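The values are calculated or read from the model by the stated rules, or taken from the named source; none is laboratory data. Model, not experiment: these values are computed from the prediction. Cβ placement follows ideal geometry from the backbone for every residue including glycine, while neighbour counts extend to all protein chains displayed.
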Amino acid sequence: MNRGRLAFLVLVGLTLATYISFVMVAATHTHNRVGLGGSPLFYDFSVFHTVGAMANEGHAAESYDDARMIAAERAAFPGNTLRLPWNYPPTFQVMMMPLGAMPYVAAWLVWSGILYGFYVLLSRRLADAPDPLVFLLLAPGAAVNLFFGQNGILSTVLLGGGVLLLGSRPLLAGMLLGLLSYKPQLAVLAPFALMAGREWRALGAAIVSQLALILVSVALLGTEPWFAFLYKLAHPAAALPALLGLFLLGLVLGEAFLVTGKVYFSAGLHAGLVIGVKLWPFSDAPKVALPHWIAGNGRPALISGAAAWLMALILLALVPRLTGKRT
């Protein structure tokens, strides 16, 4: 066995050991579906399950009222201390309704099993050898999505599957890309990308699938949730600090990619930030009495304060030096 192969196996083993250790720590410190730092089990998925249940009970529009949404979360997860608002369109809420009707852990298992199953199929299409396939299947981003019940894998499957099918099955590709409309920023991205590529059949299918999803949401939930969503979308002042932090983060990750010409350094920086954001509520850091304008406020505390903005600017200056290259 050569050194390269041994290093690969050691890396796989350490990755698996890290994931198993994380699961064991989370399991031993979770009581009544609430874990360390007062965080709900599966974190992001707790919001998805809550809004699905609210929609099933006829309270879909109330999920866009932050006070009522947080009250519903704390009723569903007694002891939960986080504030997790709902900012997705009603189309995503419709997707969550079947899961909201299921017991919480069972719903997470169904959600994660289906999404990771499609992610495996996509990875097999993308990887041309066993080793890259293993890297994709054990990628930290995929693990974070599973552990915290995020929807990043859903976006990856829809986007990746849509792009792969453009040449052979443009209508199906367009339908998958149209379903990305559950995230407003991706709802805009997909049509413009298809227009730029002159993929007209796929563009038509994407528009039809987006409209069909909207009509289904109106038929099931009515128009009130849409008015509530659009009102919240038109009043983004509370989200501006986080948006600035995300913009600066995007500059850092973009520079890392442009300077190195490879995605690994950029992906590593992003993975570090995601892990930090997710572990932040479990630490004692949120309890430190720092002004909100310095430390950040709310759920995205690591990106919504002046300290995070300053760190991003420092990284912008340091990335070329860290990589040994100059822009």
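The residues of region 41-84 that are touching a Gly at 6+ places or on another chain (Cβ under 9 Å) and among the basic types (K, R) amount to a single one, R83. Summed over region 181-216, residues that are under 24 Å from the mean Cα position of the chain (by Cα), surrounded by fewer than 16 Cβ atoms within 10 Å (Cβ to Cβ) and either outside any helix (DSSP H, G or I) or of a type in the set (F, W, Y) (or both) total 1. When we screen G174, G178 for residues that are within 29 Å of N87 (Cβ to Cβ), surrounded by 14 or more Cβ atoms within 10 Å (Cβ to Cβ) and touching a Lys or Arg at 6+ places or on another chain (Cβ under 8 Å), the only hit is G174.
Does region 41-65 hold any residues that are polar (S, T, N, Q) and either part of a loop (DSSP other than H, G, I, E, B) or surrounded by fewer than 18 Cβ atoms within 10 Å (Cβ to Cβ) (or both), and which are they? Once the filter is applied, which keeps residues that are polar (S, T, N, Q) and either part of a loop (DSSP other than H, G, I, E, B) or surrounded by fewer than 18 Cβ atoms within 10 Å (Cβ to Cβ) (or both), region 41-65 yields only N56.
Determine whether region 1-14 contains at least one residue that is crowded, with 16+ Cβ neighbours inside 10 Å, farther than 22 Å from G141 by Cβ and basic (K, R). Looking for residues that are crowded, with 16+ Cβ neighbours inside 10 Å, farther than 22 Å from G141 by Cβ and basic (K, R), one finds none in region 1-14, hence no.
Candidates A256, A219, A228, A239: the one that is part of a helix (DSSP H, G or I) and modelled with pLDDT under 75 is A239. Of all residues in region 124-148, those being outside any helix (DSSP H, G or I), closer than 26 Å to F45 by Cβ and touching a helix residue (DSSP H, G or I) at 6+ places or on another chain (Cβ under 8 Å) number 1.
Per-residue answers, yes or no, for (1) assigned by TED's automatic domain parsing to the domain that holds Q210; (2) in contact with a helix residue (DSSP H, G or I) (Cβ under 7 Å, 6 or more places away or on another chain); (3) in a helix (DSSP H, G or I):
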site	(1), (2), (3)
A67	yes, no, yes
R83	yes, yes, no
I114	yes, no, yes
L122	yes, yes, yes
